[in-house]
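Colleague: First the structure, which I've put down as structure tokens, then a few questions once you've had a look.
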Amino acid sequence: MDMRFLELLSDARTPALTWFNSIITVIGESTIFIAVLCLIFWCIDKKFAYRLGIVYVISGLIVNSTKILCRVPRPWVRDKSFKAVESAKHTATGYSFPSGHTQNVTALFSSFAFVSKKKSVKFACFATIFLVMFSRMYLGVHTPSDVLVSFGITIIVSFIINYYAENYSVHPSFVKRTMIFLIILTFIAVGIIAYVGLAVPGVPFNKLTDTAKAAGAAAGFIIGYYIETKHIRFNERATTLPLQIVKYIIGLVLTLLLNSVLSYIVKSFFSGILPLYFISKMLVILFILCVYPIIIKKFFTKEYYL
């Protein structure tokens with residue numbers, strides 16, 4: 001059924017639809033999530049940004065661990081006669097099931113939907129999620145099962161985290177219990193990587209890197225949350241609007257540059273060392289949560305310009 005549905009979509013492809021879905025699918029890339037998270041964290045609302053981060057890392061750990069446990073090949077690998085859109089293949093890393101793009105977009109937009117009181121916003125958020133899900137199938141890089149299971153996992157995580165954050169965030173044990181669960185989940189993910197990498201024959205090394213990055217992001221989030229909330233405590237709303245814009249642009253450029261440089265170094269010189277994928281992603285998250293907030297506190301506050 002999965003492949004039959006993809007074949008029907010493949011038969012319906014047109015240049016205009018392919019162009020449209022190629023644009024839509026970009027919304028599900030991790031870079032978009034990071035860009036939005038940085039904007040909210042550095043400039044708008046730290047508490048909501050932390051909530052977004054928790055949804056993202058928990059769902060990311062579950063989805064990426066499931067990928068290497070199930071090891072479902074991509075549609076064009078499963079069926080040699082099937083043709084995916086060639087330009088979409090370079091973002092289709094790792095195994096097919098569940099969908100990473102679906103996890104990214106659902107973590108982001110479902111959180112907006114759950115906190116918004118406006119029906120129009122909720123509709124727009126879920127419409128965006130479903131458009132990205134459809135684009136992954138239209139482009140031929142994921143099956144219906146891939147996107148639906150990923151959506152199901154992430155929407156459950158998002159609902160639970162957002163519900164408890166809305167109703168129990170003032171409870172002193174809420175954050176502690178959430179972080180303990182995240183630590184346990186991170187260790188489980190690392191254990192799954194070790195098991196699959198060492199005990200399961202025939203698993204290509206590059207299929208494990210996305211899960212290693214997800215675990216690194218979770219570790220960076222745990223450490224960064226503790227350091228920022230206990231020792232840095234910067235004010236995300238302390239600057240004027242022009243300074244907010246400058247602050248965000250500089251921070252985002254530095255974040256993307258750091259991510260690109262670390263990715264290039266690891267892939268070019270240490271591509272066979274899996275822990276470095278973990279460390280590189282952890283360093284990027286620590287830069288977002290700790291290093292740049294120190295810069296913000298020193299150079300982008302009203303007090304600095306008085």
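The values are calculated or read from the model by the stated rules, or taken from the named source; none is laboratory data. Source: prediction; values computed, not measured. Backbone-built Cβ (ideal geometry, glycine too); neighbour counts: all protein chains shown.
Colleague: Quick test for you: out of Phe109, Phe114, pick the one residue that is touching an Asp or Glu at 6+ places or on another chain (Cβ under 9 Å) and either at pLDDT below 95 or farther than 17 Å from Phe5 by Cβ (or both).
Modeller: None of the other options fit; the residue is Phe114.
Colleague: Which residues, taken from the stretch 201-238, are among the hydroxyl-bearing types (Ser, Thr, Tyr) and either crowded, with 22+ Cβ neighbours inside 10 Å or over 18 Å from Ile44 (Cα atoms) (or both)?
Modeller: Result: Thr209, Thr211, Tyr226.
Colleague: Does Ile180 count as modelled with pLDDT of 90 or more, of a type outside the set (D, E, K, R), in a helix (DSSP H, G or I) and touching a helix residue (DSSP H, G or I) at 6+ places or on another chain (Cβ under 8 Å)?
Modeller: It is false that Ile180 is modelled with pLDDT of 90 or more, of a type outside the set (D, E, K, R), in a helix (DSSP H, G or I) and touching a helix residue (DSSP H, G or I) at 6+ places or on another chain (Cβ under 8 Å).
Colleague: Kindly establish whether Ala84 is surrounded by 16 or more Cβ atoms within 10 Å (Cβ to Cβ), in contact with a Leu (Cβ under 7 Å, 6 or more places away or on another chain) and among the small types (Gly, Ala, Ser).
Modeller: Yes: the conditions hold for Ala84.
Colleague: Moving to a separate point now. Please return the ranges of helices (runs of 4 or more DSSP H) entirely within the stretch 1-105 where 2 or more residues are of a type in the set (Lys, Arg) and out of contact with any strand residue (DSSP E or B) (no Cβ under 7 Å at 6 or more places or on another chain).
Modeller: 46-70
Colleague: Further, regarding this structure: Any idea which of Ser96, Ser158 is in contact (Cβ under 8 Å) with a residue 12 or more places away in the chain, within 23 Å of Thr66 (Cα to Cα), hydroxyl-bearing (Ser, Thr, Tyr) and in contact with a Lys or Arg (Cβ under 6 Å, 6 or more places away or on another chain)?
Modeller: Unique residue meeting the criteria: Ser96.
Colleague: Determine whether the stretch 180-191 contains at least one residue that is in contact with a Ser or Thr (Cβ under 8 Å, 6 or more places away or on another chain) and touching a residue at least 12 places away in the same chain (Cβ under 8 Å).
Modeller: Scanning the stretch 180-191 turns up at least one residue that is in contact with a Ser or Thr (Cβ under 8 Å, 6 or more places away or on another chain) and touching a residue at least 12 places away in the same chain (Cβ under 8 Å).
Colleague: Looking at Val36, Val26, Val72, can you tell me which residue is surrounded by fewer than 23 Cβ atoms within 10 Å (Cβ to Cβ) and either among the acidic types (Asp, Glu) or more than 30 Å from Ile249 (Cβ to Cβ) (or both)?
Modeller: Val72
Colleague: Next question. Failed condition for Leu252, given (1) under 22 Å from Phe221 (Cβ atoms); (2) of a type outside the set (Ser, Thr, Tyr); (3) not in a helix (DSSP H, G or I), with all others met?
Modeller: Here Leu252 meets the rest and fails (3).
Colleague: So, one more: Being under 18 Å from the mean Cα position of the chain (by Cα) and of a type in the set (Phe, Trp, Tyr) is the filter here, so list the residues in the stretch 247-306 that pass it.
Modeller: Across the stretch 247-306, the qualifying residues are Tyr277, Phe278, Phe287.
Colleague: Is there any pair with a first residue in the stretch 241-268 that is under 14 Å from Val284 (Cα atoms) and a second that is of a type in the set (S, T, N, Q) and part of a helix (DSSP H, G or I) whose Cβ atoms are under 6 Å apart and which are 6 or more apart or on different chains, and what are they?
Modeller: Partner pairs satisfying both residue conditions: Leu262/Ser280; Val266/Ser280.
Colleague: Sticking with this one: For Phe123, which of the numbered conditions (1) farther than 22 Å from Lys281 by Cβ; (2) in contact with an Asp or Glu (Cβ under 6 Å, 6 or more places away or on another chain) fails to hold?
Modeller: (2)
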